[in-house]
1. What net charge do the residues around Val92 carry, taking every other residue with its C-beta under 9 Å from that of Val92, with Lys and Arg at +1 and Asp and Glu at -1?
2. May I ask which of Lys12/Lys45; Lys73/Lys123; Lys7/Lys73; Lys26/Lys51; Lys12/Lys52; Lys12/Lys54 have a Cα-Cα span longer than 19 Å here?
3. So what's the gap between the Cα centers of region 95-130 and region 1-71, to the nearest angstrom?
4. Work out how far the C-alpha atoms of region 4-128 reach from end to end along every principal axis, then list the three figures in whole Å, largest first.
5. Rounded to the nearest 20 debye, what is the charge dipole size of the chain about its Cα centre when +1 sits on each Lys and Arg Cβ and -1 on each Asp and Glu Cβ?
6. Could you identify which residue out of Asn81, Asn60, Asn108 has the top mean-square fluctuation in a GNM of the chain using Cα springs shorter than 10 Å?
7. Could you pull the Cα extents of region 42-105 along its three principal axes, largest to smallest, in whole Å?
8. For the pair Lys51 and Ala105, what calculated FRET efficiency results from E = 1/(1 + (r/R0)^6), where r is the Cβ-Cβ distance and R0 = 25 Å, to the nearest 0.05?
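Values in this text are rule-based calculations from the coordinates and carry no lab data. Predicted model, so just to flag it, every value in this text is computed and none were measured. Cβ placement follows ideal geometry from the backbone for every residue including glycine, while neighbour counts extend to all protein chains displayed.
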Amino acid sequence: MNYYFNKTLKGKSFDEAVEQVTAELKKEGFGVLTEIDVKETLKKKIDIDFKKYKILGACNPHFAHKALQSEDKIGVFLPCNVVVEENENGDVEVSAVDPIASMAAAKNDALEGIAKEVQQKLKQVIDNLN
């Protein structure tokens with residue numbers, strides 16, 4: 001089972017991609033709770049040069065609440081991460097976690113429907129990117 005789905009954007013800058021991803025997440029009811037600039041962090045902490053790479057921690061409060069009611073430890077899989085990275089050729093790739101793959105580890109049937117709904121919304125976000 002693949003644990004993510006993705007799309008490569010051509011002709012869009014890294015910052016434009018981050019803005020568009022954030023806007024598309026909002027349209028699907030997600031807010032970005034965390035934004036980790038991996039490039040900046042690696043440079044600051046261990047003096048390593050790395051490509052532009054941000055991890056956006058996206059959360060839809062409605063679905064998060066439903067999931068937590070079904071499985072109180074599911075918070076270890078929250079928020080849903082979306083990665084924006086700049087490839088060597090300058091293209092920007094956006095990847096989102098597949099919540100079905102991550103929540104399957106909980107082995108709780110009550111999470112299956114929630115995971116499918118969240119997956120559909122995250123796939124819509126990726127599909128809407130251009």
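1. Cβ neighbours under 9 Å give a net charge of -2.
2. From the list (Lys12/Lys45; Lys73/Lys123; Lys7/Lys73; Lys26/Lys51; Lys12/Lys52; Lys12/Lys54), the Cα-Cα distance tops 19 Å for Lys12/Lys45; Lys73/Lys123; Lys7/Lys73; Lys26/Lys51.
3. Between the Cα centres of region 95-130 and region 1-71 lies a distance of 14 Å.
4. 42, 33, 20
5. For the chain, the charge dipole is close to 140 debye.
6. Asn108
7. Principal extents (Cα only, largest first): 42, 26, 21 Å.
8. On the way: r = 29 Å, r/R0 = 1.16.
The value I calculate is 0.30.
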